[in-house]
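Comments concern the structure below.
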Amino acid sequence: TKFIKYMGDSPTIRILDFLITGRDFDYSLTDIATNSGVSWATLYRVWPMFIKNKIVIHTRNIGNAKLFQLNSKNEVVQKLVSLYRSVTRVEIKEKIYA
């Protein structure tokens, strides 16, 4: 996505891109790894930072799977979503006026 192109193609940005895009839903760690294109080992390495900084919140359990969602009450997350929207708007304008 354009967000990844602007911010850099790193595992953290890929995870953020996926979570921001699907911010209204909660996901298992397996879903996050698969849909963000990040390996399970890499997700396991960076995930504690998402928890520590309260970027994501635990929403519920389904069997043994814990589900997480982007923490929309976190001010930093709100700014990231705003940045995501701005980048998306620029992309749309570029396509319209190209």
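The values are calculated or read from the model by the stated rules, or taken from the named source; none is laboratory data. None of these values were measured; they are calculated from a predicted model. All accessible areas refer to the heavy atoms of the entire protein, side chains included, with ligands and DNA or RNA removed. Shrake-Rupley method; radii C 1.70, N 1.55, O 1.52, S 1.80 Å.
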Sorted by accessible surface (1.4 Å probe, heavy atoms of the protein chains only), largest first, R23, R60 come out as R60, R23
If I ignore ligands, DNA and RNA and count only protein heavy atoms, how much of I62 is accessible to a 1.4 Å probe, in Å² to the nearest 10?
90
Over the chain, what is the mean sequence separation of C-alpha contacts under 8 Å (at least six apart), divided by residue count, expressed as relative contact order in percent?
28
Hey, what angle do you get for helix 40-52 against the long axis of the chain, alpha-carbon based, 0 to 90 degrees rounded to 10?
90
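Per-residue ellipticity at 222 nm for the chain, helices alone: DSSP H runs ≥ 4 residues times -39500 (n - 2.57), over residue total, nearest 500 deg cm²/dmol? Let's see the in-between values first.
On the way: 5 runs with 60 residues, N = 98.
Taken over the chain, the calculation gives -19000 deg cm²/dmol.
Averaged per residue, what accessible area in Å² does the stretch 20-73 show with a 1.4 Å probe, protein chains only? Could you put the intermediate results ahead of the total?
On the way: 3540 Å² over 54 residues.
Dividing the accessible area of the stretch 20-73 by its residue count gives 65 Å².
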Given just the C-alpha atoms of the chain, how large is their convex hull per residue in cubic angstrom?
98
What are the lysines whose alpha-carbon lies under 22 Å from the alpha-carbon of K54, with same-chain residues fewer than 8 places away excluded?
K66, K73, K79
What is the percent carbon and sulfur in the accessible area of the chain, measuring with a 1.4 Å probe over the protein chains and ignoring ligands?
55
If I fit a long axis through the Cα atoms of helix 75-96 and take the longest principal axis of the Cα atoms of the chain, what angle between them do I get, 0 to 90°, rounded to 10?
40
